[in-house]
Amino acid sequence: MNLIFLGAPGAGKGTQAEFVREKLAIPAVSTGNMLREAVKNKTAAGLAAKEYMDRGDLVPDEIVVGILKDRIAESDAANGFILDGFPRNVRQAETLEEMGVNVDLAIEIHVSDERICARMSGRRVCEKCGASYHTVYKPPKTEGKCDACGGDAVIRDDDKPETVLSRLKTYHEKTAPLKDFYSKRGKLKIVEGQEAVDDTKRLTFEAIGC
Ligand code: ADP
Ligand code: ZN
């Protein structure tokens, strides 16, 4: 089973992708997390990607596609995977098709722009493992610390308010057209993002039928 999560920045794709990963035992692949890791490790891809990410722009396709191809070629992805943050534009979706990847379902987690802006200020991410938290909706057990690995849960560089607005604009211009792309192929399901993570989880599992 190959799944795609669509949705605005902060809609909760990463959180839902984690739930589905646990349930279906297939890896969740987040291009955002992989890019942040590359930036942290100052790899060639990371150095090239950083300026785009800091502005809230999409990183050039060549860089992201390279990272994604390597990841889904790994053995744990042989029985399927969940893509969180890829594809991010129509060209990337076409590339996925050209790679021979059959998408079973694209799930859009829908949240209004107003609610996105309100949510983003509370978002925290583990510096070490990339797990995501929210000060109100999904607080870690110990404030500022990751439940999974004990790392520091911090505000992401690109979660500053100016950058959030820029990322929302990028989302509407470049990524939202993917709803049409997958809808035309009969692959789109929309999940209305709820305030409580568990409610969204239930709706997401329902959409997948798992
Ligand atoms: P968001 O919370 O905006 O969904 P992500 O963690 O998915 O954040 O991505 C963070 C940043 O990484 C994006 O703003 C973008 O610059 C870059 N990025 C992630 N995935 C892609 C992709 N598929 N194509 C281009 N850029 C990407
Ligand atoms: Zn962690």
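Brief remarks on what is shown
- Residue in segment 105-124 that is open to solvent by 20 Å² or more (accessible area, probe 1.4 Å), among the polar types (S, T, N, Q), at pLDDT below 95 and within 16 Å of ligand 2 (Cβ to nearest atom) present: no
- Residue identified as under 16 Å from the mean Cα position of the chain (by Cα) and away from ligand 2 (no atom under 16 Å from the Cβ) among V101, V59: V59
- One residue from V136, V125 being outside any helix (DSSP H, G or I) and away from ligand 1 (no atom under 14 Å from the Cβ): V136
- Segment 49-83 - residue that is touching a residue at least 60 places away in the same chain (Cβ under 8 Å) and of a type in the set (G, A, S) and, of those, farthest from N33 (Cα to Cα): G80
- Residue count, segment 93-122 (criterion: hydrophobic (A, V, I, L, M, F, W, C), more than 11 Å from ligand 1 (Cβ to nearest atom) and in a strand (DSSP E or B)): 3
- You will find that of Y137, Y133, the residue that is of a type in the set (S, T, Y) and either more than 20 Å from A17 (Cα to Cα) or within 17 Å of the chain's Cα centre (by Cα) (or both) is Y133 and no other.
- The set of residues from segment 40-49 being surrounded by fewer than 18 Cβ atoms within 10 Å (Cβ to Cβ) and not hydroxyl-bearing (S, T, Y) comprises K40, N41, K42, A44, L47, A48.
- Test: residue in segment 145-161 that is open to solvent by less than 80 Å² (accessible area, probe 1.4 Å) and assigned to a helix (DSSP H, G or I): yes
- For segment 179-210, the set of residues classified as under 19 Å from G14 (Cβ atoms), free of Cβ contacts under 8 Å to residues at least 24 places away in the same chain and in a helix (DSSP H, G or I) consists of D198, D199, R202, L203, listed by residue number.
The values are calculated or read from the model by the stated rules, or taken from the named source; none is laboratory data. For clarity, every value in this text was computed on a predicted model and none was experimentally measured. Ideal geometry is used to build each Cβ from the backbone, glycine not excepted, and the neighbour counts take in all protein chains shown. Ligands, DNA and RNA are excluded from the accessible area calculation, which covers all protein heavy atoms including side chains. Shrake-Rupley method; radii C 1.70, N 1.55, O 1.52, S 1.80 Å.
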